[in-house]
Every structure is written in C-alpha cells, then in structure tokens.
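The next block holds one structure in the form of structure tokens; read it before the comments.
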Amino acid sequence: MSEEKIEWYMDFVDLDYKPGRDDLVVEFYFEPYKVSPEEAAGRIASESSIGTWTTLWKMPEMAKRSMARVFHLEPSGEGYYTKIAYPLTLFEEGSFVQFMSAIAGNIFGMKAIKTLRFLDFHPPYEYLRHFKGPQYGLRGIRSFMGIKERPLTATVPKPKMGWNVDEYAEIAYELWSGGIDLLKDDENFTSFPFNRFEERVRKLYRVKERVERETGEKKEYLINITGPVHKMIERAELVADYGGKFIMIDIVVSGWAALQTMREVAEDLELAIHAHRAMHAAFTKNPKHGITMYALAKGARLIGVDEIHTGTAVGKMEGKYEEVRKINGFLLSPWEHIKPIFPVASGGLHPGLMEELIRLFGKDLVIQAGGGVMGHPDGPKAGAKALRDSIDAVIEGKSLEEKAKESPELKKALDKWGYLKPI
C-alpha cells in the first residue's frame, strides 16, 4: 500500500477547539475497536458530518467549513466520553428527521466503534427557533382540564386486548366516574374487527360527556391514533369532530417524520399530543449502546408533544431514579420558547406507591395506573377511586393508612398490593 495518507479521521479531532454560539454540541459514549480513542472519536465526527473513509480528490469550501470537531475526550468506565461540535450548515432547518439521520445514522454501524451511546444534544437558539415545541404544554393542559395543583390521573382498561366497544364504554364510564381524569388506550390498541376505532370514538365521547355532566369534572380520552400517516390524520380529524382534546401516538414506532407531520395536524385541529414510547427500550436500555431516553424525550419536546412517558423508578419498567429525575426535570424546565410538558409515570403503579412516587417526582406529573386500577377487588370504579384517594392523601399531607380509614376502596387496594414494587 502507498505510504500516502488515505485516511483523515484525525482531521476531525481538535481538543483545543472552543464551540461557537451557533455550534450544535452532541455528547456520546463509545468504546473503540482496534483503533485509538482519538481516531474512534474522529470517525464518529467524520461519518456524522462530511467525511468518508479516505481523502478526496477535491473538497468544496463549504464542506471544509462544515467539518464536525471533537473538542472533548475523556475516559469513562470501560470506554470514553466525548463532545462533538457540529456547524449548523450540516442541518436542515426545522427537520428533526434530518438531524437524527446525521447524528444517529451511519455512525452506529462503523466497525471501529464497538459500542456507541448517543447521550444528549445541545441545539443553539438559531437551530431551536425553527421548532414550535408543544402547542399546549403542561400549563395549557392544566388549564383545559381545570386541574391546578394535583397530578393528573390516567388509566388503561386492562387487559390490553379483548374488550369490544360496548364493554370498553361501560368500563370507561366506571373509570371516569371513579375519579380518573384521562382514559388511555394501550400502545397496541388501535382498530380491530372486535373494536373499530370509529365506533369507539362515537361511543366513548358520548360516555365522556355524560360523566362530565354527572361529576362536574373535565374528562379526556387519550385515544391511540397510531398507524400509517394518512390514517392518523383521518383519525385525528374524527377525534376533533367529536370534541376530543387529545390524541395518543406511539412516537417511536411511528417515527420522527410522522410525529412532525402530526404536530402540524394537531395544531390545526387544536389537539394535544400524548406520546407513548413503545419500543424505546430497543435502543435506550443498554447503558453502553443506543440512544438515551433523555435524548428521545428532548427530541419529542422539541417537535411538540404535550405529554410523554418517562418511567417511574418504583414500577415495573426500566429507568432508575436518577435517569427519570433528570428527564422529568428537563421536561419541566424553561427552554427558550419551548413550553414545559407533562412527564407520564406508568408501568406497575398502584395506590400504595403514590406517596413515594409523588415525593420523588412532584405534582407536575401524569400518573397512569392500569393493572393497579383494573385489578382492584371491587372493580374499575373502586380502583379509580382508590387511586384518586391515594393521590389526594399525599396532597393533603395524610398517610395512606389514615386516608384508608375514610376510603374503603383505598383500604382494599392496600390490603391487596400494600407497597409492592413490581419487577
């Protein structure tokens, strides 16, 4: 082989570089394979910006100005932590789809990278300003739900599959009447021969209106519109026609392009977006490889969901306290013009866990308990009341045992589950 230099990965490493105000900075963890840490980091920066494996015959000036730069590199566990600065010339304005193609695209398939974890990204205002963010956000949802202080309650009629529309409507009546704010479809519950989406819309929104008249409380339905984009648009329009305020989307399986499209549709229809994260653990669960839930939630807020599942730390789903606290803290914090949004705690929750859950994450939370409501010995309405009473107890500063003295529904829930943390 010729002694002439053919690879140029080290040209993308400049540890003396100071990012400019319009640089977009991305954080990665990686473990190199058969190359030095510096070269591995350079390969990440190269492949995610303008580079290829060899020097080229000619380089346009724009390409030279668009080179990503590794400006920070340090050992971290068995691998390395790095920060890479990307000029905004690399990114299409307002397209999170194109951003992910670059930052999380080919780089994950490189042989010289044993493991790679996309940790976080920091967009400058010049990039951020092209995104609307949430239409309603936390304060908007609190406003139209009429709930100012406590967490919102949500539940899923379990089992996930099997209820026909009439059965689903009967259970919805019980759950909403018992004190649930948000009835929610599960991630795999869309439209089936035994329960068609269109019929569910017609019957469930009639039930919702009935319960609102009877209780004087605002109720909403997080109906799952996930499907091909044209179908999601049709379903969203039907929800709006019946006076709904929410749609639910499985944002990971639908994809960023679909989510960006539906964010525009939702604004036209004045609908809030509840984001389910089904399939996220395929790439968020391994701490050494994939993409963090933090980065996923950040992208979803940037595009404009109003609520997103983040974990519980006390339930059955993956997500340690420190990780969930970090995600929730970001979702609730100021971020230029991008509104704060509701974190959603779900997965293995029941009334006995409400003291710890609210102590850990506060009142700005949607608490979604499925089996922990539907598994109540006295049925859905009692399960809903037990959950609501347990939350009220925490807000009132009472212990669950003290509240249970005046709530037989809560007492029976505590008798069944106690303070069990499912795994």
- Query: Residue check, residue 102 against (1) small (Gly, Ala, Ser); (2) modelled with pLDDT of 95 or more; (3) in a loop (DSSP other than H, G, I, E, B), all met but one. Which one?
  - Reply: (3)
- Query: What number of residues within the range 81-124 are polar (S, T, N, Q) and crowded, with 16+ Cβ neighbours inside 10 Å?
  - Reply: 3
- So which of 26, 70 ends up being buried (at least 18 other Cβ atoms within 10 Å of the Cβ), touching a Gly at 6+ places or on another chain (Cβ under 7 Å) and modelled with pLDDT of 95 or more? 70
- Have a look at 266, 300 and point out the one that is closer than 28 Å to residue 348 by Cβ, modelled with pLDDT of 95 or more and either surrounded by 23 or more Cβ atoms within 10 Å (Cβ to Cβ) or of a type in the set (S, T, N, Q) (or both). 300
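Can you pull out the residues in the range 111-124 that are touching an Asp or Glu at 6+ places or on another chain (Cβ under 6 Å) and part of a loop (DSSP other than H, G, I, E, B)?
So the first thing to find is which residues in the range 111-124 are touching an Asp or Glu at 6+ places or on another chain (Cβ under 6 Å), and the list is 114-115, 119-120, 124.
Within the range 111-124, just 124 meets the criteria.
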- Give me a count of the residues in the range 240-261 that are touching a residue at least 12 places away in the same chain (Cβ under 8 Å), out of contact with any strand residue (DSSP E or B) (no Cβ under 6 Å at 6 or more places or on another chain) and part of a helix (DSSP H, G or I). 10
- Message: Given (1) among the charged types (D, E, K, R); (2) more than 20 Å from residue 157 (Cα to Cα); (3) at pLDDT 95 or above, identify the lone condition not met by residue 409.
- Response: (2)
- Query: Regarding residue 290, is this residue in contact with a Phe, Trp or Tyr (Cβ under 8 Å, 6 or more places away or on another chain), over 21 Å from residue 154 (Cβ atoms) and at pLDDT 95 or above?
  - Reply: yes
- Hey, any hits in the range 176-198 for a residue that's open to solvent by 50 Å² or more (accessible area, probe 1.4 Å) and either small (Gly, Ala, Ser) or not in a loop (DSSP other than H, G, I, E, B) (or both)? yes
- Item | Output for the range 125-155, where each listed residue is open to solvent by 20 Å² or more (accessible area, probe 1.4 Å) and assigned to a loop (DSSP other than H, G, I, E, B) | 129, 130, 132, 135, 136, 146, 148, 149, 150
- Message: Among the residues of the range 76-88, are any in a strand (DSSP E or B) and either polar (S, T, N, Q) or free of Cβ contacts under 8 Å to residues at least 40 places away in the same chain (or both)?
- Response: yes
- Odd one out for residue 63, checked against (1) among the small types (Gly, Ala, Ser); (2) part of a helix (DSSP H, G or I); (3) at pLDDT 95 or above; (4) surrounded by fewer than 21 Cβ atoms within 10 Å (Cβ to Cβ): (3)
- Within the range 216-246, count every residue that is of a type in the set (Asp, Glu) and surrounded by 22 or more Cβ atoms within 10 Å (Cβ to Cβ). 1
- Message: Given the criteria in contact with a helix residue (DSSP H, G or I) (Cβ under 8 Å, 6 or more places away or on another chain), in a strand (DSSP E or B), among the β-branched types (Val, Ile, Thr) and at pLDDT 95 or above, does residue 233 qualify?
- Response: no
- Give just the number: which of (1) open to solvent by 20 Å² or more (accessible area, probe 1.4 Å); (2) within 23 Å of residue 367 (Cβ to Cβ); (3) not aliphatic (A, V, I, L, M) does residue 307 not satisfy? (1)
- Query: How many of the residues in the range 29-41 are under 14 Å from residue 108 (Cα atoms), surrounded by 13 or more Cβ atoms within 10 Å (Cβ to Cβ) and out of contact with any Gly (no Cβ under 7 Å at 6 or more places or on another chain)?
  - Reply: 3
- Message: Exactly one condition in (1) in a loop (DSSP other than H, G, I, E, B); (2) of a type outside the set (Val, Ile, Thr); (3) open to solvent by 20 Å² or more (accessible area, probe 1.4 Å) is false for residue 283; which is it?
- Response: (1)
- Task: Being over 17 Å from residue 403 (Cβ atoms) and not in a helix (DSSP H, G or I) is the filter; apply it to the range 365-377 and report the residue that is most open to solvent (accessible area, probe 1.4 Å).
- Result: 377
- Answer yes or no: is there a residue in the range 320-332 that is in contact (Cβ under 8 Å) with a residue 40 or more places away in the chain and either more than 25 Å from residue 255 (Cβ to Cβ) or surrounded by fewer than 24 Cβ atoms within 10 Å (Cβ to Cβ) (or both). yes
- Item | First in the range 21-46 and assigned to a strand (DSSP E or B), second anywhere and of a type in the set (S, T, N, Q) and open to solvent by 10 Å² or more (accessible area, probe 1.4 Å), Cβ under 7 Å, 6 or more apart | 29/76; 30/115; 31/115
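The values are calculated or read from the model by the stated rules, or taken from the named source; none is laboratory data. Computed from a predicted structure; not experimentally measured. With ideal geometry, Cβ positions are generated from the backbone for all residues, glycine too; neighbour counts draw on all protein chains shown. Quick note on the areas: whole protein, heavy atoms, side chains included, nothing else; ligands and nucleic acids left out. Shrake-Rupley method; radii C 1.70, N 1.55, O 1.52, S 1.80 Å.
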